[in-house]
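The values are calculated or read from the model by the stated rules, or taken from the named source; none is laboratory data. Because the structure is a prediction, the values reported are computed rather than measured. When we count neighbours, we look across all protein chains shown, and the Cβ atoms used for this are built from the backbone with ideal geometry, even at glycine. We work out accessible area using only protein heavy atoms, side chains counted, and drop any ligands, DNA or RNA first. Shrake-Rupley method; radii C 1.70, N 1.55, O 1.52, S 1.80 Å.
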Amino acid sequence: MFTLITGNEQKIREFEVVLQGSGIRFEILRAEKPELRSDDPCEIVKVAAKTFSERLKKAVVVEDSGLFIDALKDFPGTCTKYVYKRVGNLGILKLMNGVKNRRCFYKSAVGYCEPEKEPICFLGEEGGRIADRERGKSGWGQDRIFIPKGKSRTYAETRKPGSINEFRKRAIEKLKDYLILANK
């Protein structure tokens, strides 16, 4: 059993879907995590997981994700949420105006920590490219401008209720595998 620290309902649903049927149980603490300024999402979740684990005296999980755009030297990276709130997708698209290299990566870091232990990070990644304009109506964040590798449509154009971002799914599955092995 662990406590998932998040205020994001979509992330809660994604954890529920991936962990369903695994026997792994978790409770939710709706709270924002303190965010260290770092270019490394694993460093951010490790610090947050360690902080909450020590404070709550229980096993905790935190998640942080970001969009890393090659042509912008990995911007917005771990500041994705902050940048989205300030300039939105249109601001990112303006920065990408005229840029041919639209390659990017989404990264999801899932941090796990038990009291008095060192935190662990599970990283999930998904490559893709930035669309030339916002497309689609579903999803949240950069779903309207992110086109997964090998696809021609954005997440927002293809998202169905209950669907999961592949990059986060990969990170949560790594956590699930770890917890299953640890409990054997």
task: Determine whether segment 120-129 contains at least one residue that is touching a helix residue (DSSP H, G or I) at 6+ places or on another chain (Cβ under 9 Å), part of a strand (DSSP E or B), among the charged types (D, E, K, R) and open to solvent by less than 50 Å² (accessible area, probe 1.4 Å).
output: yes
field: Residues satisfying the stated conditions in segment 151-166, i.e. under 16 Å from residue 107 (Cα atoms) and either among the β-branched types (Val, Ile, Thr) or modelled with pLDDT of 95 or more (or both)
entry: 164
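Got a sec? Which of 139, 162 is surrounded by 16 or more Cβ atoms within 10 Å (Cβ to Cβ) and either small (Gly, Ala, Ser) or within 30 Å of residue 180 (Cβ to Cβ) (or both)?
139
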task: Quick one: which residue in 116, 54, 63 is buried (at least 18 other Cβ atoms within 10 Å of the Cβ) and at pLDDT 95 or above?
output: 63
